[in-house]
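Okay, structure first, notes after.
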Amino acid sequence: MGGSIIPQAIGSHLQAGATQRKSDSGKTPDHRSLLSRAAAKDAAYDASVIAFREEVLEGALLKAEEVKEWINRQERSDGPATHWIRDVPVPSNHKITWLEKERRFGISPELEFPSMARAFDFGITGAGTQLKTLAYVVAGEQWVRYVPTAHGGVLDRLREITERLACRYEWDQASGTLFILTGAIPVIEPLSSQIDVAHDRFRRRVIELRVDPALSPEQVAAHYRRLRQKIMPRRRVRELSEKHLRLAALEVERPADESWSTRMSSWNQSYPRWKYHHQSNFRRDVLKARSEYSPQVLRSRVY
């Protein structure tokens, strides 16, 4: 009970958003604070947020330390989590089993969805079923928790509102849950960035920036400089000379299984003014030129 902990670290935006509800009059608000509070104020007037707080919370917001027990209590009250086939909830009185002989999932007793037969078949034979979960955080923890929800229950209602707010205000869902329950303000970063995900071998390095136009060019440049320093801590990127551009082109154009001696011989014939006498020096310069332009596989990281 109480949801499972998935190893997803809480960012500083979550921690910061959970600590304050009112503005600190002793500090001059910055752009991030104003943006975050404006979004929270707008969300507070959302009809579904107002209704949830009045009908479920009875007009009283929770304290951060009360969230865990409140969710545990609601999970018990809502009943078993609902399995879904795409957007179709499977009633709790039906069981999902694996049919070994047919190598597919089945539902007992059988369900019929005349208008969604194709979607139903795909869900059972292909993707199977899924659970929908509510993301939330517990005071003092550094991880996001997820609890499966029961269709029509209080936590499922909260999940639907949280997902919609997350899309509207670019919040993460755990921050949205905390906002609805406690009033904690999710922080909206005016500048965020990440390194493009690379799952295959050939992928060039790409830094993606998401920038609020209210930021100055100097602020954006400073952020980029810090990010670049993290992924390339001891390296200066220099513009390639004509020689090194041609070395890089040679490496790309020649057959992959060609020997270094053959490549050097071809190079010396084509560019006698940059003639090499030692194969080791030639190989060193080609690889160095390639490292300046070649794609590199990097894991996705957000700063």
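Just so you know, all these numbers are worked out from the coordinates, no wet-lab data involved. None of these values were measured; they are calculated from a predicted model. Counting neighbours? That spans all protein chains shown, and the Cβs are built from the backbone with ideal geometry, glycine included.
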## Note on the structure
Heads up, the stretch 242-293 by the C-alpha gyration tensor (a ≥ b ≥ c square roots of eigenvalues; a/c under 1.5 rounded, else a/b over b/c prolate, else oblate) looks rounded
### Task
Could you sort 151-164, 213-226 so that the peptide with the highest average Cβ count within 10 Å comes first and the rest follow in order?
151-164, 213-226
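Which pairs, out of K132/K230; K63/K132; K68/K132, put more than 27 Å between their alpha-carbon atoms?
From the list (K132/K230; K63/K132; K68/K132), the Cα-Cα distance tops 27 Å for K132/K230.
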### Query
By average Cβ neighbour count within 10 Å, what is the ranking of 248-258, 130-140, 45-55 from highest down?
130-140, 45-55, 248-258
### Task
Multiply the residue gap between N281 and N72 by 0.36 nm, knock off their C-alpha separation, and tell me the result in nm, one decimal place.
68.6 nm
### Message
Just to check I understand the Karplus step: with θ = phi - 60° and J = 6.51 cos²θ - 1.76 cosθ + 1.60, what whole-Hz values come out for the stretch 134-146, glycine and proline as x?
### Response
9, 8, 7, 10, 10, 4, x, 9, 10, 10, 8, 9, 10
